[in-house]
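Read the structure below first, then the notes.
The values are calculated or read from the model by the stated rules, or taken from the named source; none is laboratory data. Only a predicted model underlies this, so the values are computations on that prediction, with no experimental measurement involved. Glycine gets a Cβ as well: all are built from the backbone with ideal geometry, and neighbour counts include every protein chain shown.
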Amino acid sequence: MICELLGVPYQDRGSFQEQVDSFLSGETSDEDQIAAYTATQHYLGELVAAKRANPTDDVLSDLTDSDLTDEELRGVALILLAAGLDTTANMLALGTFALLRNPAQLAALRADPALADRAVEELLRYLSVAKTFMRTALEDVELGGQTIEADTTVILSYNTANRDPERFADPHVLDLRRQDGGHLAFGHGIHQCLGQQLARVEMRVAFPALVNRFPTLRLAVSAEEVGLRPETADIYGVKSLPVTWDV
Ligand code: HEM
């Protein structure tokens with residue numbers, strides 16, 4: 001989806017995705033991450049130049065018609081990529097894992113396509129793949145009986161908020177029919193996720209399609225053997241999700 005949005009030519013998508021994965025997954029060495037990041041920056045610079053020369057039907061080409069400089073366009077491409085690719089991809093994989101571990105919930109989603117929208121919101125809450133963000137106070141702020149002094153940086157823990165027992169009944173339970181909405185998986189306030197509607201559409205299409213096309217989908221290894229990303233990864237997820245099904 002992100003390649004489509006940015007207008008990355010089809011033949012480049014495989015290597016482009018590998019590069020991006022290498023600097024976003026938190027699983028490669030610092031040197032490899034820096035090398036992959038630099039290569040991606042270089043690729044995006046060339047892509048911006050190509051779109052300026054020959055605009056195609058995509059967001060990046062449209063933006064060449066604005067007053068943004070090449071460097072700013074490369075920055076826009078990079079933020080869309082970093083924010084939009086790893087998040088949604090991990091929601092899809094981790095969400096599938098969560099459904100396979102909760103067969104009654106998976107069966108409910110299969111039986112009732114109308115549940116898809118609510119299921120996506122609950123998976124977003126339950127998994128909170130984008131765990132923490134930071135804010136710096138511009139002035140002294142009183143919050144929950146604490147004073148946050150000006151120029152102090154605070155960490156916002158969206159995953160903790162999404163499991164707050166004062167806000168959600170049985171917060172550690174995946175309940176696709178949950179009524180108490182209002183999760184913070186996309187953040188809150190002026191910086192809340194720009195791509196949340198696109199991400200929702202992707203998931204509302206993908207989860208029902210997957211579970212209905214593969215009625216016998218199941219884990220190919222035990223749940224304990226599924227490797228999860230380290231705690232230090234910016235975006236939570238599975239390293240890989242081995243599955244199987246009957247043909
Ligand atoms: C399931 C998928 C996604 C999740 C869980 C997610 C989550 C988030 C979160 C938590 C924030 C930070 C909000 C804050 O600072 O309080 C954010 C920001 C952002 N997201 Fe997403 N995101 C997803 C998909 C996407 C997609 C598909 C795009 C673009 C196509 C995108 C673009 C952005 C951008 C540009 C920002 C920065 C907004 C700003 O600082 O003003 N995200 N996202």
**Q.** Checklist (1) under 19 Å from the mean Cα position of the chain (by Cα); (2) part of a helix (DSSP H, G or I) applied to Pro230, failing item
**A.** (2)
**Q.** Matching option when the condition is assigned by TED's automatic domain parsing to the domain that holds Leu24, at pLDDT 95 or above and within 16 Å of the ligand (Cβ to nearest atom), among Leu78, Leu92, Leu85
**A.** Leu92
(Q) Exactly one condition in (1) farther than 24 Å from Phe97 by Cβ; (2) among the acidic types (Asp, Glu); (3) modelled with pLDDT under 95 is false for Glu142; which is it? (A) (3)
**Q.** Hits in the stretch 177-205 (condition: touching a Ser or Thr at 6+ places or on another chain (Cβ under 9 Å) and among the small types (Gly, Ala, Ser))
**A.** Ala185, Gly195, Ala199
Q: Only residues that are surrounded by 12 or more Cβ atoms within 10 Å (Cβ to Cβ) and under 17 Å from Asn102 (Cβ atoms): list them for the stretch 222-247, please.
A: Val226, Leu228, Val238, Leu241, Val243
Q. Among the residues of the stretch 127-146, which ones are of a type in the set (Ser, Thr, Tyr) and part of a strand (DSSP E or B)?
A. Thr132, Thr136
Q: Scan the stretch 3-56 residue by residue and report those that are under 21 Å from the mean Cα position of the chain (by Cα), aromatic (Phe, Trp, Tyr) and surrounded by fewer than 18 Cβ atoms within 10 Å (Cβ to Cβ).
A: Tyr37
Q) Which condition number in (1) in a loop (DSSP other than H, G, I, E, B); (2) farther than 29 Å from Asn212 by Cα; (3) within 13 Å of the ligand (Cβ to nearest atom) is the one that Leu156 fails? A) (1)
Q: Return the only residue of Leu198, Leu219 being modelled with pLDDT of 95 or more, under 28 Å from Pro113 (Cα atoms) and more than 11 Å from the ligand (Cβ to nearest atom).
A: Leu219
Q. Got at least one residue in the stretch 201-213 being surrounded by 14 or more Cβ atoms within 10 Å (Cβ to Cβ), modelled with pLDDT of 95 or more and within 9 Å of the ligand (Cβ to nearest atom)?
A. yes
